[in-house]
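The values are calculated or read from the model by the stated rules, or taken from the named source; none is laboratory data. Since this is a predicted model, take the numbers as computed values, not measurements. Heads up, the Cβs are rebuilt from the backbone with ideal geometry, glycines too, and the neighbour counts pull from every protein chain shown.
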Amino acid sequence: MKTLLLFILILIFVGCTSTKNILVKKPTTVGNQIEQTGEIKNLQQTGVDFFAQGNQPSNWTLTMNYDDTVRFSAEDGLALKFAYSQLKKVVNDERKRFTITLKSGNVQIEILEKICTVTTMREVFKKEVSISFNNIKYTGCGKFLADNNLQGKWLLEKIGYTPIVPTGYRIVPQLNLDIVEGVISGNDGCNSIKGKIEVQGKRIQFSKLSVTKTKCNKKNIEKIIAAEVNDQIVSYYFKEGKLYLYLPDDSLLIFRKT
């Protein structure tokens, strides 16, 4: 009897221990998660579009403001600062490479589309980053800083500053932005659209959009989406709760959130 009781107690102990082990293993999150730390919010407020960090060969950080300055700092004493506009850029779907020649040496920044982790951080990143300076190479991970207010469904309210007339469309044009999964869906007032997006700081990179082929009376917005949003990089900003898309031809689309 005592042996049986002891065996049961051992089973209960092992079961509790296993449960505890399962509970403490919290899932990591990839890339543009909705929760943001205070540090990331502060970086966004100072205009940073891309942030990276690593610990090889020493701890380092990189910030890139596409409208202003690139800054790199490492604990081994290396500090670099230069204008983003001075960089030579080679960009494709899988790789972004930036180079610049300074008086102190040559700099190359490379950003790869690759799942990446830093041992000192819980987050899983979508970008693998390396910074080479002369014969030293720093490696780590990074991400674009997305404004989480983009997440959700946006109804078109104005083209430029001219209000749209909903009765002029088969359905009110709208964009559904999912910055966590990196996808867009919605419609252009006639046809459904869908595709991929990547929020790059204060810009949105739209993929080539898939559009249905319903025949409708062509409206302005359909042509604008096809020419100025499809496969384009579009700047955005918020004003009084509205989303403003500043298009490559200097026009505006103004949306309100549902």
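Looking at the stretch 133-178, which of the residues that are in contact with a helix residue (DSSP H, G or I) (Cβ under 8 Å, 6 or more places away or on another chain) and either outside any loop (DSSP other than H, G, I, E, B) or free of Cβ contacts under 8 Å to residues at least 24 places away in the same chain (or both) is surrounded by the most Cβ atoms within 10 Å (Cβ to Cβ)? Working first, answer last.
We begin by selecting, within the stretch 133-178, every residue in contact with a helix residue (DSSP H, G or I) (Cβ under 8 Å, 6 or more places away or on another chain); these are 145, 147, 156, 159, 164, 169, 172-173, 177.
Subset that is either outside any loop (DSSP other than H, G, I, E, B) or free of Cβ contacts under 8 Å to residues at least 24 places away in the same chain (or both): 156, 159, 172, 177.
Numbers: LEU156: 26, ILE159: 17, VAL172: 17, LEU177: 23.
Going through the qualifying residues, I end up with LEU156.
Only one of ILE254, ILE204 is buried (at least 17 other Cβ atoms within 10 Å of the Cβ), in contact with an Asp or Glu (Cβ under 6 Å, 6 or more places away or on another chain) and closer than 16 Å to LYS153 by Cβ. Can you tell me which? Steps first, please.
Details: ILE204 fails: in contact with an Asp or Glu (Cβ under 6 Å, 6 or more places away or on another chain).
Only one candidate qualifies: ILE254.
Just the residues that are acidic (Asp, Glu) and out of contact with any Lys or Arg (no Cβ under 7 Å at 6 or more places or on another chain), please, taken from the stretch 128-181. Walk me through how you get there before you give the answer.
Step one: filter the stretch 128-181 for residues acidic (Asp, Glu), giving 128, 147, 157, 178, 181.
Hits for the stretch 128-181 are ASP147, ASP178, GLU181.
Looking for whichever is in a loop (DSSP other than H, G, I, E, B), among the charged types (D, E, K, R) and under 30 Å from PHE125 (Cα atoms) here; the options are LYS208, LYS194. Which one fits?
LYS208
Are any of the residues in the stretch 213-235 of a type in the set (Val, Ile, Thr), loosely packed, with under 13 Cβ neighbours inside 10 Å and in a loop (DSSP other than H, G, I, E, B)?
We begin by selecting, within the stretch 213-235, every residue of a type in the set (Val, Ile, Thr); these are 214, 221, 224-225, 229, 233-234.
Next, only the ones that are loosely packed, with under 13 Cβ neighbours inside 10 Å stay: 214, 233.
Next, only the ones that are in a loop (DSSP other than H, G, I, E, B) stay: 214.
Yes - at least one qualifying residue is present in the stretch 213-235.
Of all residues in the stretch 33-68, which are modelled with pLDDT of 95 or more and among the aliphatic types (A, V, I, L, M)?
Within the stretch 33-68, VAL48, ALA52, LEU62, MET64 meet the criteria.
How do the pairs read when you match residues in the stretch 109-132 that are in contact (Cβ under 8 Å) with a residue 60 or more places away in the chain with residues anywhere that are part of a loop (DSSP other than H, G, I, E, B) and surrounded by fewer than 18 Cβ atoms within 10 Å (Cβ to Cβ), using Cβ under 7 Å and keeping only pairs 6 or more apart or on different chains?
So the pair list comes out as ARG122/THR28; GLU123/THR28; GLU123/THR29; VAL124/THR28; VAL124/THR29.
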